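As structure tokens, the structure follows; a few thoughts come after it.
The values are calculated or read from the model by the stated rules, or taken from the named source; none is laboratory data. Being a predicted model, the structure only gives us computed values, none of them experimental. Quick reminder, even Gly has a Cβ in these numbers, built from the backbone with ideal geometry, and neighbours come from all protein chains shown. Ligands, DNA and RNA are stripped out before the accessible areas are found, and what is left, the full protein with its side chains, is counted by its heavy atoms. Shrake-Rupley method; radii C 1.70, N 1.55, O 1.52, S 1.80 Å.
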Amino acid sequence: MPVFEYSGVNAEGKSVKGFAHGESIDAVARQLSGQGLSVHQLRAAASGDNSFASWSETITRGAARDRVR
């Protein structure tokens, strides 16, 4: 299952970042939103590597503060 890195703001207004597994970037976005997270950035990892520098796809969700889960 693909790995994604995210950053955003939780329901308490605190900045958070981490990794999540999901079938697609949209599935991870829905998963995180369902957890009350307002995602600002969501990136798909290059195959076999979870390091920040290896992310090959980036979706930026700026001012709209899309919720993701």
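At a glance:
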{"item": "First in the stretch 9-24 and free of Cβ contacts under 8 Å to residues at least 40 places away in the same chain, second anywhere and open to solvent by 100 Å² or more (accessible area, probe 1.4 Å), Cβ under 9 Å, 6 or more apart", "result": "ASN10/GLN35; ALA11/GLN35; HIS21/MET1; GLY22/MET1; GLY22/ARG30; GLU23/MET1"}
{"item": "Residues (modelled with pLDDT of 95 or more and small (Gly, Ala, Ser)) located in the stretch 37-64", "result": "SER38"}
{"item": "Residue tally, condition more than 15 Å from ALA45 (Cβ to Cβ), open to solvent by less than 40 Å² (accessible area, probe 1.4 Å) and hydroxyl-bearing (Ser, Thr, Tyr), over the stretch 1-35", "result": "1"}
